[in-house]
Amino acid sequence: MMIKSGLITLRLVSEDDVEILSKWLTNPDVLYFYEGRDQPQSPEQVRKQYMNHKDQREKRCIVEYDHEPIGYIQFYPLTDQEKKDIDYWEEPNVWGMDQFIGETHYWNKGVGTRLISCMVDYLIHEIGAKAIVMDPQARNKRAIRCYEKCGFRKISFLPQHELHEGIDEDCWLLEYK
């Protein structure tokens, strides 16, 4: 599976990506926003948690920009329980996504906006998603601005929604329809 839009390419993760994922997931700047600085991921942990397995509903992809691996994205259909947990249970065909740019020199250059736009286009037009949701931490203002620029809107505030570095962080439920 490969998704391409301009200079952005998304491809399924493979064993060849273990080292680069581990590099990103041990970088304190990345971990400040994704997983947590108290959760660095060794290559063995990456293999266990991030490799695609046949029985997983998530699609896990490497993000390439101009043929260079720069980040990670995963997308998945929400289960009935996940929809109920965020009070979103009536909507059919809802997808979630999580992502990060691991090469920090690509931050603040519009690459995240291109990535999110590419993924939204794929999920809506190729998969037939009726809605896409994300739940970024409320303190991640840069990411939230990016998502809003791509057409997501804040639906509800989720107090103490995600355990991150030992603290229950507030998040926003964002929706694209």
**Request:** Scan the stretch 76-88 residue by residue and report those that are surrounded by 14 or more Cβ atoms within 10 Å (Cβ to Cβ), more than 16 Å from the chain's Cα centre (by Cα) and touching a residue at least 24 places away in the same chain (Cβ under 8 Å).
**Result:** Ile86, Tyr88
**Filter result (farther than 15 Å from Asp98 by Cα, within 17 Å of the chain's Cα centre (by Cα) and in a helix (DSSP H, G or I)) within the stretch 25-53** = Asp29, Val46
**Request:** Take Gln41 and decide whether it is surrounded by 15 or more Cβ atoms within 10 Å (Cβ to Cβ), closer than 21 Å to Leu10 by Cα, among the polar types (S, T, N, Q) and free of Cβ contacts under 8 Å to residues at least 60 places away in the same chain.
**Result:** no
**Message:** Residue under question is Tyr50, and the condition is that it be surrounded by 11 or more Cβ atoms within 10 Å (Cβ to Cβ), in contact (Cβ under 8 Å) with a residue 12 or more places away in the chain and out of contact with any His (no Cβ under 7 Å at 6 or more places or on another chain); does it hold?
**Reply:** yes
**Message:** Is it the case, given these coordinates, that Gln39 is within 19 Å of Asn140 (Cβ to Cβ), among the polar types (S, T, N, Q) and modelled with pLDDT under 95?
**Reply:** yes
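A quick yes/no check of all residues on (1) surrounded by fewer than 15 Cβ atoms within 10 Å (Cβ to Cβ); (2) farther than 14 Å from Tyr88 by Cβ; (3) within 16 Å of the chain's Cα centre (by Cα):
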| residue | (1), (2), (3) |
| --- | --- |
| Val133 | no, no, yes |
| Lys141 | yes, yes, yes |
| Tyr147 | no, yes, yes |
| Lys154 | yes, no, no |
| Leu173 | no, no, yes |
**Request:** Return the pairs, sorted by first residue and then second, in which the second residue is of a type in the set (Gly, Ala, Ser) and assigned to a helix (DSSP H, G or I), the first residue lies in the stretch 106-131 and is closer than 14 Å to Tyr147 by Cα, the beta carbons are less than 8 Å apart, and the residues are 6+ apart or on different chains.
**Result:** Gly112/Ala143
**Prompt:** Within the bounds of the stretch 62-75, is there any residue that is at positive phi, touching a residue at least 24 places away in the same chain (Cβ under 8 Å) and charged (D, E, K, R)?
**Reply:** yes
**Prompt:** Looking at (1) at pLDDT 95 or above; (2) more than 16 Å from the chain's Cα centre (by Cα), which is the one condition that is false for Ile70?
**Reply:** (2)
**Asked** Pick from Leu115, Leu21: which is within 15 Å of the chain's Cα centre (by Cα), part of a helix (DSSP H, G or I) and closer than 26 Å to Glu175 by Cβ?
**Response** Leu115
**Message:** Looking only at the stretch 159-177, filter to residues that are touching a residue at least 40 places away in the same chain (Cβ under 8 Å) and in contact with a Phe, Trp or Tyr (Cβ under 7 Å, 6 or more places away or on another chain); which one of those is nearest to Val120 (Cα to Cα)?
**Reply:** Tyr176
**Request:** Only residues that are surrounded by 15 or more Cβ atoms within 10 Å (Cβ to Cβ) and either farther than 25 Å from Tyr32 by Cβ or over 14 Å from the mean Cα position of the chain (by Cα) (or both): list them for the stretch 89-106, please.
**Result:** Val94, Trp95, Glu103, Tyr106
**Item:** Matching option when the condition is at pLDDT below 95 and buried (at least 16 other Cβ atoms within 10 Å of the Cβ), among Tyr65, Tyr34
**Value:** Tyr34
**Prompt:** Across the stretch 101-112, what is the number of residues that are touching a Gly at 6+ places or on another chain (Cβ under 6 Å), not β-branched (Val, Ile, Thr) and not in a loop (DSSP other than H, G, I, E, B)?
**Reply:** 0
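The values are calculated or read from the model by the stated rules, or taken from the named source; none is laboratory data. Quantities reported herein were computed from a predicted structural model and do not represent experimental measurements. All Cβ positions, even for glycine, are placed from backbone atoms using ideal geometry, and neighbour counts span all protein chains on display.
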